[in-house]
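K.L.:
Before I ask anything, here is the structure I am working with.
Values in this text are rule-based calculations from the coordinates and carry no lab data. Please read all numbers here as calculations on a predicted model, not as lab measurements. Cβ: placed from backbone, ideal geometry, glycine included. Neighbour counts: every protein chain shown.
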Amino acid sequence: MEPTDRRPAHPAPHYDAHRRLDDALGQRLPNGCDAAVLEDLYDAYGASCYQLAHRMVTDEQLASTIVRDVYLAVGTGTVVFDPAQGSVQTWLLGDTHHRAVLTLRRQRQLLGAASTERLAALPQLGTVQRHVLELAYFGGHTPLEIAGLTGLALGTIKTLTLQALRQLRSNRELLEGATGEGLRPSQMASEG
C-alpha cells in the first residue's frame, strides 16, 4: 500500500529557513511588539503584504496605506498573533487581505460597482469559476453579491467556489507531489 503523504522526508532547506524565521518571530510577538520586532516583521513579510494588497486594490498608494495600517495595528497591539491559528506570515497576509477587502468595499460604496482583473494566472479553472473567485477574493464581494452580479443562484455560487478551491488545492498537491516540494515563499509572493 502506498503512503498518502507525498511530501519529502526532509523539506527543502529554504523551507526550513523560512519556517525557523517564522517561528522565531512568532515567539517574540507575545512579549510585546517593540520596534525591533516590528522592523524584523516588516523585513520578512512587508513585501509579501504589499504585493497582496497591490494585487487586490491595484493602486500603489492605497496598497502602501493598507500595509502601513497592518503594521500599525501590530505595533499598537490592536491585532494579536495567536500561534494556534497559523504562522506569522499567514496572520499578516490574512490581516492584509481583510483590510484590502474592506478598502475595496468602501471604494465600491463610494464609486459604485468595483471592477476586477482577470485571473490569467489560473488557467486550470473554468471561466465561470475563475470569475466567481475573482469577484470574491480580489473584489471583496460576498456570495450573495456575486449571485446578484452574475445572475446565478446563490447555491450555484457557493458550489462553484467550493469546486474551484478544491481544484486549486488538488492542483497544488499534484505539483508538490511531482516536484517533491511546494512553492518556495519567494514564488508564492511573486505568484500571489
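K.L.:
Net charge near LEU102: determine it from the other residues with C-beta under 13 Å of the C-beta of LEU102, scoring Lys and Arg +1 and Asp and Glu -1. Spell out each step's value before the answer.
P.N.:
Working: positive: ARG99, ARG105, ARG106, ARG108; negative: ASP69, ASP95.
Its environment carries a net charge of +2.
K.L.:
How do 46-58, 144-156 rank on mean C-beta neighbours within 10 Å, highest first?
P.N.:
Numbers: 46-58: 19.6, 144-156: 14.2.
Averaged packing, sorted descending, gives the order 46-58, 144-156.
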